[in-house]
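Student: Take a look at this one; I'll ask things after.
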Amino acid sequence: MKNKKKGGSAPKGPKGAKKSKTYSLNEDSFFSTESKKRRKIDRDEIESDSDDDYGVVGSDSEGGGEEAEEAEAIEETADEKRKRIAQEYLEKVRGLARREKEDEEDDSDEEGEKEGERDSLVAKILQQQQLEDSGRVRRAIASRVQKPESTEEFRISVKHRQSVTAVALSEDDFKGFSASKDGTILHWDVDSGKSEKYLWPRDEVLKSHGVKDPQGRATKHSKHVLALAVSSDGRYLASGGLDRHIHLWDTRTREHIQAFPGHRGPVSCLTFRQGASELFSGSYDRTVKIWNVEDRAYIDTLFGHQGEVLSIDCLRKERVLSVGHDRSMQLFKVPEASRLVFRAPASSLECCCFISNDDFLSGSDDGSVELWSMVRKKPVCIVKNAHPYLAARKNVEQKDGDRIPNGHIENGDHTSQSYDCSSTYSWISSVTVCRGSDLAASGAGNGSVRLWAVESESKAMKPLHDLPLVGFVNSLAFAKSGGFLVAGVGKEPRLGRWGHISSARNGIAIHPLKLSSDDTDNF
């Protein structure tokens, strides 16, 4: 009986195998173009079926419909999302190259030659952008910035009731974001200036999103905003302030979606890692924390500062640059769990930003702007009195002989009548760099924003132009193309009320920058 049973079951095996061979080559895992996640689901379904179900799987009646419905229900995987984004970006670059070639080409060109030239231009653009993102090449923009005419000046495009504390631009430079001391967060169009307000939800909604009860003597949550940051994909806007929370907003709906507690002091600065969902926050509690906005999760805390963290910045690498009231600037290498400490000569650093992966820029409360290199623990170049207090009313020019052997540069003369470098109005409150270029800008409360050329070979900074602007320049942002500069200005400094300029206007000021045509430019 056992032999007969074995003999009877023998034909069934080949029969089942024969049924499984009815699958086409498209369903074979070797020839399949589907993701690993979908292939795994299909294998699990086949292995879990009984012998009696082989006919149903191989049939074309209802099995195909179920598989089609299940395939539609499967969400997009990470690999598929990266592929889709890469294809969309490639089409965008091809469109840019096509428009450039249409402006240059003659009607007599052959169609094949046009297509080949466009492909070569696309490859050139992609290669150049990769070199710029890696920090190995900088665009030569500073030498092309033309001197502004008397009619060209900052124009207030967006108004705020109180001093603006932070500004941020979207990746395409079409949209801008700003925040002020009264808790107002605005989303505005760069060209038209039309703005839309973010509305804070009720306390019950905030608690459901993760907000904790106020700590210390505070009886209610403060809406005072000190920092803003927008993600590279433009989906998320992060804000931080006196309530010790990081608030996450959806830029498409302008709705509050999450709050990250954890800091024990006011959140003073925020930055997103370029091209990623990692968010870095600096606080008065002397720490820098890492968050993942996609997973709505806390990742890690970086320690090292002995004073309040005032400013942070990040590029594509997992490296965070921060300055604090401990007179130090620190570069955190997150994957290596290490840090580099850079000491300021004799002042407290107020702001910082990356120029490239190896060069940094900072501003101090004594009116100095410092250029740093990762291979040296001290500044490679210091521009003292970068924003003289009387610069708006007195013509102070850079003299060729004002460079002293240790690399310091002195602006103007040294009489007490010319400037007051210890004044609050000459403190460097903000610095920024046009991404991947040699063009930088700094702001203070002396009545102007100064443009700089960062020379990579000589490791020096050359002043370009002064752009008049009354008020405390608390935040700056360049357009990626270098076509304009955005400044967040107010009557009071960003982190306090120790100064007041009654003639200033609270709002967002935009200054257009004219660039001369240059055939050697990367784009």
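The values are calculated or read from the model by the stated rules, or taken from the named source; none is laboratory data. Every value quoted in this text rests on a predicted model; they were computed, and no experiment measured them. Cβ sites come from the backbone with ideal geometry, for glycine too, and all protein chains shown count toward neighbours. Side chains included, ligands, DNA and RNA excluded: accessible areas come from the protein's heavy atoms. Shrake-Rupley method; radii C 1.70, N 1.55, O 1.52, S 1.80 Å.
Student: Quick one: is VAL489 buried (at least 16 other Cβ atoms within 10 Å of the Cβ), aliphatic (A, V, I, L, M) and free of Cβ contacts under 8 Å to residues at least 60 places away in the same chain?
Tutor: No.
Student: Quick one: what pairs do we get from segment 85-101, first residue farther than 24 Å from ALA276 by Cβ and assigned to a helix (DSSP H, G or I), second at pLDDT 70 or above and open to solvent by less than 100 Å² (accessible area, probe 1.4 Å), C-beta under 6 Å, 6+ apart or different chains?
Tutor: Within 6 Å, the pairs are ALA97/LEU121.
Student: Can you pull out the residues in segment 133-151 that are open to solvent by less than 20 Å² (accessible area, probe 1.4 Å) and not in a loop (DSSP other than H, G, I, E, B)?
Tutor: Answer for segment 133-151, where residues must be open to solvent by less than 20 Å² (accessible area, probe 1.4 Å) and not in a loop (DSSP other than H, G, I, E, B): ALA142, VAL145.
Student: With respect to the numbered conditions (1) over 20 Å from the mean Cα position of the chain (by Cα); (2) in contact (Cβ under 8 Å) with a residue 24 or more places away in the chain, which one is the sole condition not fulfilled by MET329?
Tutor: (1)
Student: Which ranges mark the strands (runs of 3 or more DSSP E) fully within segment 152-269 that have 2 or more residues being within 25 Å of ARG296 (Cβ to Cβ)?
Tutor: Correct list: 164-169, 175-180, 185-189, 195-197, 225-230, 236-241, 246-250, 255-260.
Student: Separate question: Pairs needed: first member in segment 240-253, under 18 Å from THR287 (Cα atoms); second member anywhere, among the small types (Gly, Ala, Ser) and open to solvent by 10 Å² or more (accessible area, probe 1.4 Å); C-beta distance under 7 Å; at least 6 residues apart or different chains.
Tutor: GLY241/SER222; LEU242/SER222; ASP243/SER222
Student: Moving to a separate point now. So which residues in segment 436-456 are farther than 16 Å from SER481 by Cβ and among the charged types (D, E, K, R), if there are any at all?
Tutor: ARG450, GLU455 - these are the residues of segment 436-456 that are farther than 16 Å from SER481 by Cβ and among the charged types (D, E, K, R).
Student: Also, I was wondering about something else. If you go through segment 271-312 one residue at a time, how many are among the acidic types (Asp, Glu) and not in a loop (DSSP other than H, G, I, E, B)?
Tutor: Residues in segment 271-312 being among the acidic types (Asp, Glu) and not in a loop (DSSP other than H, G, I, E, B): 2 in total.
Student: Related question: Taking the criterion of being part of a strand (DSSP E or B), in contact with a Cys (Cβ under 6 Å, 6 or more places away or on another chain), open to solvent by 20 Å² or more (accessible area, probe 1.4 Å) and on the phi < 0 side of the Ramachandran plot, would at least one residue in segment 313-329 satisfy it?
Tutor: Checked segment 313-329: at least one residue is part of a strand (DSSP E or B), in contact with a Cys (Cβ under 6 Å, 6 or more places away or on another chain), open to solvent by 20 Å² or more (accessible area, probe 1.4 Å) and on the phi < 0 side of the Ramachandran plot.
Student: Can I ask one more? For segment 493-512, does any single residue satisfy the condition of being buried (at least 21 other Cβ atoms within 10 Å of the Cβ), among the small types (Gly, Ala, Ser) and either over 18 Å from the mean Cα position of the chain (by Cα) or more than 15 Å from VAL145 (Cβ to Cβ) (or both)?
Tutor: Yes; the residues of segment 493-512 include at least one that is buried (at least 21 other Cβ atoms within 10 Å of the Cβ), among the small types (Gly, Ala, Ser) and either over 18 Å from the mean Cα position of the chain (by Cα) or more than 15 Å from VAL145 (Cβ to Cβ) (or both).
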